[in-house]
1. How high is the FRET efficiency between residue 11 and residue 86 when r is their beta carbon distance and R₀ equals 35 Å, given to the nearest 0.05?
2. Is there a quick way to get the dipole size of segment 2-67? I mean about its Cα centre, with the Cβ of Lys and Arg at +1 and of Asp and Glu at -1; what is the value in debye to the nearest 20?
3. Along the three principal axes, how long is segment 1-44 when you take its alpha carbons, biggest first, rounded to the nearest angstrom?
4. Report the gain in length on full extension from residue 29 to residue 42: 0.36 nm times residue separation, minus Cα-Cα distance, nm rounded to one decimal.
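What follows draws every value from the coordinates through simple rules; no lab data is involved. Small disclaimer: the values here were computed from a predicted structure and weren't measured. Neighbour counts are summed over all protein chains in view; Cβ atoms, including those assigned to glycine, are modelled from backbone coordinates with ideal geometry.
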Amino acid sequence: MLGWAVVLAFILHPLHERLTRRLKGRRALSAGILTTLTPFLVLAPLSVLTGAFVGQVTRLIEYLRGHSFLSFPSWSSACRAIRSSAARSAGCARTRWSAPRSCRAG
C-alpha cells in the first residue's frame, strides 16, 4: 500500500502545485480537492476495465463450454498412446545395459 501512495504522490504533485497556484496559495484546499477526487479518478476507470474483463471471461467460458478441444474418443486414445510410450521408455530405462539394441542410444 505504501508503494501505491508513493506512486500517487509522485504523479499528483505537479497537479497539486498547479491547483495551489489557481487557488491563490491555499495548499490545504488543493490537497483536500485532490484527496477527494483521486479515488473517483482511479476507481472509475478501474471498475470499467474490471467490467470489460469479466465480460470477456464470461464469453470465453461460454465458448469453451460449447466447443470441446478434444472429443472423448480422441482424448482416450491420446492417453493410451502416451501411456504406452511411457511404458516403453520405462522398460528401456530399467534394462538399459541388457536391453535390445532398439532401446540403446546410437
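1. 0.05
2. Using only the charged Cβ atoms, the result is roughly 420 debye.
3. Computed over the Cα atoms, the extents are 32, 19, 13 Å.
4. 2.7 nm
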